[in-house]
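Trainee: Please find one structure pasted underneath; my questions will follow.
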Amino acid sequence: MTVEIKTNGYSAVAIQEMISKFEKAAKKLFPDCKIRHFYFGDYVDMADIVLRPGEYAHFNICSNRVSLCGYTCSAEDLVNFESMTYKDECYNGKLFELVK
């Protein structure tokens, strides 16, 4: 797994614990992925998990929520992406169970 971080001047200190959980789950489910973070502010990270060219998912990460915002992937990978959410009203996420 590789991780890239871009920022517009923010360090997202307030959400680093949730980002760490997210990365741990990604490593477990997609060990060869690339995660691209964009720290949009101190409280929001817009993250992409790229599996291979043309196969990815977009997430928004906050201190009390991880939501899946868009994807292009196989049905099998989508199930795993959905499981990485937390308090997303569209998906039954299991983020905290994945990182135990």
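Trainee: Could you run through segment 69-81 and say how many residues are without any contact (Cβ under 8 Å) to a residue 24 or more places away in the chain and either within 16 Å of Asn92 (Cα to Cα) or open to solvent by less than 70 Å² (accessible area, probe 1.4 Å) (or both)? Can you show your working first?
Mentor: Let us first name the residues in segment 69-81 that are without any contact (Cβ under 8 Å) to a residue 24 or more places away in the chain, namely 69-76, 78-79.
From the residues that got through so far, the ones that are either within 16 Å of Asn92 (Cα to Cα) or open to solvent by less than 70 Å² (accessible area, probe 1.4 Å) (or both) too are 69-70, 72-76, 78-79.
So the count comes out to 9.
Trainee: Here's another thing I want to ask about it. Report every pair of residues separated by at least 6 positions or lying on different chains whose Cβ atoms are under 8 Å apart, first residue within segment 3-17 and surrounded by 11 or more Cβ atoms within 10 Å (Cβ to Cβ), second in a helix (DSSP H, G or I).
Mentor: Val3/Glu23; Ala12/Ile19
Trainee: Can I ask one more? Scan segment 51-68 for residues that are surrounded by fewer than 17 Cβ atoms within 10 Å (Cβ to Cβ), within 17 Å of Cys33 (Cα to Cα) and not basic (Lys, Arg) and report the count.
Mentor: Total satisfying the criteria: 4.
The values are calculated or read from the model by the stated rules, or taken from the named source; none is laboratory data. Keep in mind the model is a prediction, meaning the values are calculated, not measured. Neighbour counts run over all protein chains shown; Cβ positions are idealised from the backbone, glycine included. Side chains are part of the model used for accessible areas, which takes the heavy atoms of the whole protein and leaves out ligands, DNA and RNA. Shrake-Rupley method; radii C 1.70, N 1.55, O 1.52, S 1.80 Å.
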